[in-house]
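Heads up: the structure comes next, in structure tokens.
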Amino acid sequence: MNLQSDRPIEPSEAEEPGEEDIVERIFEAVVEQRLPPGTKLSESALCEAFGVGRMRIRRSLLLLSSREVVELHANRGAFVASPTAEQAREVFEARKALEPTIARLAVQRATEADIERLDRHLQAEHRAHHAGNRHEAIRLSGQFHTMLAEIAGNSVMQRMMKELVTRTSLIIGIFGAPGIRNCRDDEHAQIMSAFRRRSPDSAARLMGTHLRHIEAHLRLDQQTGAGVDIVRLFGKAGPR
């Protein structure tokens, strides 16, 4: 029996990115604030950038919409989500309720290998900040928070944190004061010190303070944002 497909796979087709790869690249661009809130995600531009057909792009946008990263509007198309000021407050309410517990659990459950991994991560974050590599610093600072949920050993919290970190990046993209970053690496270092001291209560307290500092730098009475060349951003010559 011949189990092979009747239609040979073209080399160019085999090299096309899959939907998950497209979703992850758009997701990363949002987290790193290279795609500002409200940016129109033109299907034709995305097709050109990724070298795929419209159906693959549409399925990718549907996946991003299910994660609330993208908003789909009838007769208008897809746009990067734009949280309102009220939604911004709700996100920080959720983070302030959840993350001190995550920090406490992470300290209680961290192995020596976990602490070493966190330490290496903070060193990379510190280098990115001081080298002026803004996009990498933003990516690493958000990843620090999801790593704590991973170390805490709670898959539900980990999924929630990934969503909350993405929403926070959108919120800072809209409401952040000039020059604001998602996180300050020195505050992450203070939280890290609680791991070395094996102090769950200190980690929880420092996390609460850290989140309040981020929220305090938001300007919820104004919005910002700029246009983006989608083809240049995601095309083969664009940054990954």
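The values are calculated or read from the model by the stated rules, or taken from the named source; none is laboratory data. Note that the structure is predicted; figures quoted are calculated from it, not measured. Counting neighbours? That spans all protein chains shown, and the Cβs are built from the backbone with ideal geometry, glycine included. In case anyone asks, the SASA skips ligands and DNA or RNA and just uses the protein heavy atoms, side chains included. Shrake-Rupley method; radii C 1.70, N 1.55, O 1.52, S 1.80 Å.
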Residue that is farthest from the chain's Cα centre (by Cα), among those in the range 22-79 that are among the aliphatic types (A, V, I, L, M), in a helix (DSSP H, G or I) and surrounded by fewer than 19 Cβ atoms within 10 Å (Cβ to Cβ):
55
Looking at the range 67-85, I want the residues that are more than 21 Å from residue 169 (Cβ to Cβ) and have a partner that is open to solvent by 80 Å² or more (accessible area, probe 1.4 Å) with Cβ atoms under 8 Å, at least 6 apart or on another chain. Which pairs are those?
77/40
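Among the residues of the range 105-115, is any under 15 Å from residue 25 (Cα atoms) and either hydrophobic (A, V, I, L, M, F, W, C) or not in a helix (DSSP H, G or I) (or both)?
Of all residues in the range 105-115, those under 15 Å from residue 25 (Cα atoms) come to none.
No, the range 105-115 contains no residue that is under 15 Å from residue 25 (Cα atoms) and either hydrophobic (A, V, I, L, M, F, W, C) or not in a helix (DSSP H, G or I) (or both).
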Pairs with Cβ under 9 Å, 6+ apart, first in the range 26-43 and aromatic (Phe, Trp, Tyr), second in a helix (DSSP H, G or I) and open to solvent by less than 20 Å² (accessible area, probe 1.4 Å)
27/64; 27/166
Taking the condition at pLDDT 95 or above, surrounded by 16 or more Cβ atoms within 10 Å (Cβ to Cβ) and hydrophobic (A, V, I, L, M, F, W, C), does residue 137 pass?
no
Considering each of 83, 37 in turn, give the residue that is under 18 Å from residue 163 (Cβ atoms), touching a Ser or Thr at 6+ places or on another chain (Cβ under 8 Å) and either modelled with pLDDT under 95 or not β-branched (Val, Ile, Thr) (or both).
37
Scope the range 83-99; condition open to solvent by less than 20 Å² (accessible area, probe 1.4 Å) and part of a helix (DSSP H, G or I); matching residues:
88, 91, 92, 95, 99
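Here is a yes/no grid of residues against (1) closer than 30 Å to residue 81 by Cα; (2) hydrophobic (A, V, I, L, M, F, W, C):
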{"site": "116", "(1), (2)": "no, no"}
{"site": "126", "(1), (2)": "yes, no"}
{"site": "136", "(1), (2)": "yes, no"}
{"site": "158", "(1), (2)": "yes, no"}
{"site": "163", "(1), (2)": "yes, no"}
{"site": "194", "(1), (2)": "no, yes"}
{"site": "200", "(1), (2)": "no, no"}
Test set (1) over 24 Å from residue 189 (Cβ atoms); (2) surrounded by fewer than 18 Cβ atoms within 10 Å (Cβ to Cβ); (3) aliphatic (A, V, I, L, M) - residue 131 fails condition number:
(1)
Any residue that is at pLDDT 85 or above and under 17 Å from the mean Cα position of the chain (by Cα) - is there at least one of those in the range 199-211?
yes
Out of the residues in the range 141-162 that are more than 16 Å from residue 114 (Cα to Cα) and either β-branched (Val, Ile, Thr) or open to solvent by less than 10 Å² (accessible area, probe 1.4 Å) (or both), state the one that is nearest to the chain's Cα centre (by Cα).
142
